[in-house]
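**Q** This is the structure I have questions about; it appears just below.
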Amino acid sequence: MTVLARSVAFAALTLLASSAGAAVPGVVRAATRSAAQRGELRGRVVNAAGQAPIGTATVVVVPVGSTVAAGRTATNADGVFRLAGLRPGRYRVRVRAIGYTPRELPMLDIGAATSNVDLGTVALTAAALELQAVAVTGQQQAVQLAPDRNTYVVRDMPVTRGGSALDVLRNVPGVDVDLDNLVSLRGNAGVVVQINGRPSPLTAAQLGDFLAQLPADMVERVEVIPNPSARDDPTGVAGIINVVLKQRVDAGRSGGITLSGGTTGSAQVGANLGVQRGPLSLYGSYGFFRDNRPRTDAIRRTDLTAEPVTYLDESATRTQTQQGHTFTGNAGYQLGARDALSLEGLFTTRSEAESYGILYRDLNAAQTLTGLSNRLTQSTNHRYNLGATLSHKHEFADKGHTLASELHAFRAQESGPSRIAAQALALDGTPAGASDFENQATLEHPDETWLKVDYAQPVSKLLRFETGYKGSVQRFHTTLDTQVLDTLVGAYGPDSTRISNFTYDEVVHAAYGMLDAHRGRFLLQGGVRVEHATTQFHLRTRNATYDNAYTSVFPSALVAYNVDDADQVKLSYSTRIRRPDDTDLLDPTPQYLDPLNVSRGNPFLKPEYIRAFELGLQRTANGATFQVTPFFRHTLDAIRTIRTLDSAGVATRTFANVATSDAYGTDVTVAARGGRLSGFAGASAFRQVSDAANLDPSLSARTFGWTARTNATFRASGTLDLQTLVSYQAPMTVEQGRISSRTRVSFAARQKLTRDQTSLTLRVVDPFNTSRETTTTIDPRFTQVSDRRRAIRGLVLSINRTFGGAPKAERREPNEQGSDPGAS
C-alpha cells in the first residue's frame, strides 16, 4: 500500500509542476509578467448552517454580456479558492457545490485599482439535503454528504426528544444499537465512538451506558466516517462515529430548557446557556435523566452430548432503576488576531439499582420437569466520568499556515456491591433446602492522558502539507472480589476462582504526514501514519504479565472527481486497527452471567488489522441527493466470540483471533425534500466471509445481512410537524449461529408555540412492542436460543423553551479555520 500512497503523491506533484510550467523557464517569466497586469479573485466557501468549509466547490467567473467563462477553479479542503489571470472588466461570479443551492454573487469590477478582489466568506445553503420543518429555533435539520464523511444534524429531531444519545444513533443510517447498548456500524461492532472528535478509553459496554444517560437534547450532530484518513486515530476497524455535543455560542446571550417525562418511568431535564462578549465565549449545559425499563430474558438450551438429550429452560426478569447527571462546559478566548485558546469539560455521574431474578428448569428428553432452582441478584452501581481538554491554535501570516495543540485528560470510575442468593426448589416450587449466599464487589478505573500537535502549511496554491504527533498513555485497573457464605461457620470466605485484580497499560506514539492536491475538478489526498504501541496486561492474582510491543503503518488515500455540478465520484483506502484493550476481552477470570453462563477473556489476543476500500458515487438532482458507496474490507486476525459447553452443562463465552474475515457490500443514502414532505432513507447490504481454519474449520462462516432505515417528516401546518422512524435489520448467519431480524418504529408530533420559542413534542416509542433480540447458537455439542425483550413501549411528552436571538454565524470548530495554499 506504500506504492498507492507514493502514486498519489507523485500525481499531485506532477499536476503542480505542469500547472506552474516548471519545465519551460521562458514560459514562466512570460506568464509572470502577464499575471502582474491582470486581476485575481479569492475567497472561502462555507456551509451556511455551521460555517464548515466546503471542499471541491466550483467557482465560475463569466464576463458580463458573455456566456463563455473567463475562468473556473475549485475550493480546497478548507473551502478556499483563488483564481488569477483575470483581464480588466466586469464579471459575474457563480458558486456551486454538490448538495447546495448555487449562489450568484453581485457583479464585480476588475481594474487597475481593484486588481485583487477578496470576496471573503461565501455561504451556501444545503438546499437539496435539508430536511425542513423540524427545528424549534429556525435552524434546519440537514444531511450533509461529503467525500470523507456523512453528517447528520440531529439537534432538533422530534423522534429523539426526551431520549438519549443512543436514540439519536438509532436514527443514523448504517448504525445499530442493541439491547446491551453496544454500537455497531455496517454490522461490525469494531467501531470507535468519539465525543467531540476525541476517542474515549471506556470499554464498549461502559461507553454504551454513558451514551444511554446523555440526553439527546445535548447532541448537535453525528458524523459517520467509515474510511478515515491517516490524520485520524486508526482505532476502530469499522470506522468512526463522532458524536458532537452542542457547544455553540451566539452573539450576546442565548439558551434553552427542556423537560420531559414518559409512561415507562423515564424523566429528563436539560438546560443550556451561552454568552459571548468580545473575545470571550462561554457555554454550559446540564442534563438529568431517570429511567426504569424492565427486561425479560429467556434461554432454551439443548445438550446434544447427553444420551438421550436433555434441555434447560431459563427465564429471567431484570429491573433497572437508574439516574444520572451530565455537565458540559466550554470557554473560548481570542488572545489576539492569530491565537485562540479554549477549555472544554465534561462530567457525568450515574447511579443504578438492579434486580435480576432467574428461574432454571431442567427437562428430560420427554420435556418433563426434572429439576428446579432460582437465583436472585441485587446490586447497586455508581460511576463517574471526567474529561477536560485544553486547546491552543496559532495562525501564521499566510492563510492556511497553522499550528494547533491539545492536552486531554480523562478519568473514570465504576464500582458497586452485589448480593446473590440461590436456592434449589422442589418440583412444586417450594424451597428444597437452605439458600446459598455470596457477595461481590467490583471496581473499574480507566484513565487516559494524551498530547496532540498538528501543523499545516500551504506549499503552493495547489498543494498543502500537514503533519502531526500524538502521544497517549492509557491505564485500566480492575478488581473483582467474590465472597461466599460458609454455612458451617456462619461467615463469608473468598472464592479464589472468582477473584481478579489486574492492570492494563498502553503507551502509543504516533506521527502522520498528509498531502492535499487540487487541480480543476480533482481532489487528491495521500498520507501515512506510523505508530509504535507498547502494552502490558498484568494479572496480579496470578502474578502473570503479558507484554506486547509492535509498530504499525497506516497509509490512506483519497481521489475525488467532480464530474459536473451535480455528480461526484470518489475512491478511498485506509488501514485501521482494533487493539484488544477491552477488559472483557482480556481478563481470563470467569465472569458469571449466571452459574450456567460464564464469560472468560483471552489475554493472548492479537490486534486486528483491516484494509478498507470504498468507491463513492453521488448525484444531486430534482431536489434530492443520491449516494451509493460500495465497500470492501479485508481483516487479519479478526476477533470473534466463541461459545463452548462443558460436561457440567456450563456454557462459556470466550474470544479468539480467526485467520481472516472479508466483508463487501454497498451503502445507499437518499436525502430529499419536496413541499411538505421531507426525509432521508438509508440501506446497507453486505456479505461477510470468515476463515477460522486456524482454530476450527467448523467456525468459519459465510453470511449475508442487510439493514434499512427511513426518517420522514411531514409539515402538517406552519406550526405542526409529524415525524416517523422505521428501521429493519434482516436475519443474519454468524459464527456458530444466527441472529434474528429486528424492527424499530417510533412516531413524533411537535407543536410550535409562542413564535417558535416554545414547542411541545409527543413521542410514541415502540408502538408495536418489537424491541426484542433473538440469537441462536448452533454447535455439534449443543444448540441454544436466547430471546431478550426490553419494555420501552410508551409515550414521552417534552416541552422545550429557548431564548435569545436567532442563530448567527457560529464559531468555527478547531479544524475549520480558513486556509489558502496559494497565499503568499
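**Q** Would you confirm whether or not the stretch 238-253 contains a residue that is part of a strand (DSSP E or B), more than 24 Å from ARG579 (Cβ to Cβ), β-branched (Val, Ile, Thr) and within 13 Å of the chain's Cα centre (by Cα)?
**A** Checked against the condition, which is being part of a strand (DSSP E or B), more than 24 Å from ARG579 (Cβ to Cβ), β-branched (Val, Ile, Thr) and within 13 Å of the chain's Cα centre (by Cα), the stretch 238-253 yields at least one hit.
**Q** Still on this model: Collect the residues in the stretch 226-241 that are on the phi < 0 side of the Ramachandran plot and crowded, with 22+ Cβ neighbours inside 10 Å, keeping them in residue-number order.
**A** PRO226, ASN227, PRO228, SER229, ALA230, ASP232, ASP233, PRO234, VAL237, ALA238, ILE240, ILE241
**Q** Can you pull out the residues in the stretch 645-700 that are within 30 Å of ASN597 (Cα to Cα), open to solvent by 50 Å² or more (accessible area, probe 1.4 Å), part of a strand (DSSP E or B) and in contact (Cβ under 8 Å) with a residue 40 or more places away in the chain?
**A** If the condition is that a residue be within 30 Å of ASN597 (Cα to Cα), open to solvent by 50 Å² or more (accessible area, probe 1.4 Å), part of a strand (DSSP E or B) and in contact (Cβ under 8 Å) with a residue 40 or more places away in the chain, then ARG653 is the only one that fits.
**Q** Next up: Please verify whether the stretch 607-619 includes one or more residues that are under 30 Å from ASN374 (Cβ atoms) and open to solvent by less than 40 Å² (accessible area, probe 1.4 Å). So that I can check it myself, show each step before the final result.
**A** Restricting attention to the stretch 607-619, the residues satisfying the condition of being under 30 Å from ASN374 (Cβ atoms) are none.
Looking through the stretch 607-619, none of the residues is under 30 Å from ASN374 (Cβ atoms) and open to solvent by less than 40 Å² (accessible area, probe 1.4 Å).
**Q** Considering only residues of the stretch 745-779 that are in contact with a Phe, Trp or Tyr (Cβ under 8 Å, 6 or more places away or on another chain) and not β-branched (Val, Ile, Thr), which is surrounded by the most Cβ atoms within 10 Å (Cβ to Cβ)?
**A** ARG763
**Q** Next question, about the same structure. GLU614 - would you say it is within 23 Å of THR151 (Cα to Cα) and of a type in the set (Asp, Glu)?
**A** Criteria met by GLU614.
**Q** Could you tell me which residue of the stretch 786-824 is modelled with the lowest pLDDT, considering only residues that are outside any loop (DSSP other than H, G, I, E, B) and open to solvent by 60 Å² or more (accessible area, probe 1.4 Å)?
**A** So, considering only residues that are outside any loop (DSSP other than H, G, I, E, B) and open to solvent by 60 Å² or more (accessible area, probe 1.4 Å), the one modelled with the lowest pLDDT is PHE803.
**Q** Next up: Assess whether GLU314 counts as being closer than 30 Å to ILE778 by Cβ, open to solvent by 30 Å² or more (accessible area, probe 1.4 Å) and over 25 Å from the mean Cα position of the chain (by Cα).
**A** No, not satisfied.
**Q** What's the total number of residues in the stretch 701-730 that are open to solvent by 60 Å² or more (accessible area, probe 1.4 Å) and farther than 30 Å from LEU762 by Cα?
**A** Result for the stretch 701-730: 3.
**Q** Any residue in the stretch 480-492 that is touching a residue at least 60 places away in the same chain (Cβ under 8 Å) sitting within a Cβ distance under 6 Å of a residue that is open to solvent by 50 Å² or more (accessible area, probe 1.4 Å)? List the pairs, counting only those 6 or more apart or interchain.
**A** LEU480/THR442
Residues checked against (1) touching a residue at least 60 places away in the same chain (Cβ under 8 Å); (2) among the acidic types (Asp, Glu):
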residue	(1), (2)
GLY287	yes, no
ARG293	yes, no
THR296	yes, no
ASP303	yes, yes
THR319	no, no
SER342	yes, no
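**Q** A follow-up question, please. May I ask you to say which residue of THR641, THR620, THR629 is in a strand (DSSP E or B), more than 23 Å from ASP567 (Cα to Cα) and among the β-branched types (Val, Ile, Thr)?
**A** None of the other options fit; the residue is THR641.
Residue-wise test of (1) farther than 19 Å from VAL553 by Cα; (2) more than 36 Å from the chain's Cα centre (by Cα); (3) buried (at least 19 other Cβ atoms within 10 Å of the Cβ).
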{"position": "HIS477", "(1), (2), (3)": "yes, no, no"}
{"position": "LEU480", "(1), (2), (3)": "yes, no, yes"}
{"position": "LEU488", "(1), (2), (3)": "yes, yes, no"}
{"position": "TYR492", "(1), (2), (3)": "yes, yes, no"}
{"position": "ASP495", "(1), (2), (3)": "yes, yes, no"}
{"position": "ARG498", "(1), (2), (3)": "yes, no, no"}
{"position": "ASN501", "(1), (2), (3)": "yes, no, no"}
{"position": "MET514", "(1), (2), (3)": "no, no, yes"}
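**Q** Quick one: how many residues across the stretch 378-409 are open to solvent by 30 Å² or more (accessible area, probe 1.4 Å) and either under 30 Å from LEU312 (Cα atoms) or not in a strand (DSSP E or B) (or both)?
**A** Result for the stretch 378-409: 6.
**Q** Out of the residues in the stretch 574-606 that are open to solvent by 30 Å² or more (accessible area, probe 1.4 Å) and in a strand (DSSP E or B), state the one that is nearest to SER661 (Cα to Cα).
**A** Taking the candidates together, the pick is ARG578.
For (1) out of contact with any Pro (no Cβ under 6 Å at 6 or more places or on another chain); (2) at pLDDT 95 or above; (3) more than 26 Å from GLU444 (Cβ to Cβ); (4) of a type outside the set (A, V, I, L, M), each residue gets a yes or a no:
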position: THR479; (1), (2), (3), (4): yes, no, no, yes
position: SER496; (1), (2), (3), (4): yes, no, no, yes
position: SER500; (1), (2), (3), (4): yes, no, no, yes
position: HIS532; (1), (2), (3), (4): yes, yes, yes, yes
position: ALA560; (1), (2), (3), (4): no, no, yes, no
position: VAL569; (1), (2), (3), (4): yes, no, yes, no
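**Q** Shifting gears a bit: Please go through the stretch 418-429 and pick out each residue that is farther than 18 Å from LEU363 by Cα and surrounded by fewer than 11 Cβ atoms within 10 Å (Cβ to Cβ).
**A** Hits for the stretch 418-429: nothing passes.
**Q** I would also like to ask the following. Across the stretch 277-294, which residue is farthest from ARG161 (Cα to Cα) among those that are among the charged types (D, E, K, R) and buried (at least 19 other Cβ atoms within 10 Å of the Cβ)?
**A** Filtering the stretch 277-294 for residues that are among the charged types (D, E, K, R) and buried (at least 19 other Cβ atoms within 10 Å of the Cβ), the one farthest from ARG161 (Cα to Cα) comes out as ARG293.
**Q** When you go through (1) within 23 Å of the chain's Cα centre (by Cα); (2) under 30 Å from ALA648 (Cα atoms); (3) of a type in the set (A, V, I, L, M, F, W, C) one by one for LEU605, which number turns out not to apply?
**A** (1)
**Q** When the stretch 61-85 is examined, which residues are found to be crowded, with 20+ Cβ neighbours inside 10 Å and more than 44 Å from the chain's Cα centre (by Cα)?
**A** Residues satisfying the conditions do not exist here.
**Q** Also: Could you list all residues from the stretch 675-697 that are closer than 29 Å to MET157 by Cα and of a type in the set (S, T, N, Q)?
**A** Hits for the stretch 675-697 are SER678, SER684.
**Q** A follow-up question, please. Go through the residues of the stretch 249-260 one by one and say whether even a single one is open to solvent by 30 Å² or more (accessible area, probe 1.4 Å) and at pLDDT below 85.
**A** Of the stretch 249-260, the ones open to solvent by 30 Å² or more (accessible area, probe 1.4 Å) are 251, 253, 257, 259.
From what's left, at pLDDT below 85: 251, 253.
Yes, the conditions are met somewhere in the stretch 249-260.
**Q** From the set of residues in the stretch 537-592 that are closer than 30 Å to THR75 by Cα and of a type in the set (Lys, Arg), which is farthest from the chain's Cα centre (by Cα)?
**A** LYS570
**Q** Continuing with the same structure: Looking at ALA74, ALA57, ALA113, ALA69, which one is closer than 30 Å to HIS401 by Cβ and either out of contact with any strand residue (DSSP E or B) (no Cβ under 9 Å at 6 or more places or on another chain) or at pLDDT below 75 (or both)? Don't jump to the end; show me each part of the working.
**A** On the way: ALA74 fails: either out of contact with any strand residue (DSSP E or B) (no Cβ under 9 Å at 6 or more places or on another chain) or at pLDDT below 75 (or both); ALA57 fails: either out of contact with any strand residue (DSSP E or B) (no Cβ under 9 Å at 6 or more places or on another chain) or at pLDDT below 75 (or both); ALA69 fails: closer than 30 Å to HIS401 by Cβ.
That would be ALA113, the only listed residue that is closer than 30 Å to HIS401 by Cβ and either out of contact with any strand residue (DSSP E or B) (no Cβ under 9 Å at 6 or more places or on another chain) or at pLDDT below 75 (or both).
The values are calculated or read from the model by the stated rules, or taken from the named source; none is laboratory data. The model shown is predicted, which means the values in this text are computed figures rather than measured ones. Glycine gets a Cβ as well: all are built from the backbone with ideal geometry, and neighbour counts include every protein chain shown. Note: accessible area is taken over every heavy atom of the protein model, side chains too, but ligands, DNA and RNA are not part of it. Shrake-Rupley method; radii C 1.70, N 1.55, O 1.52, S 1.80 Å.
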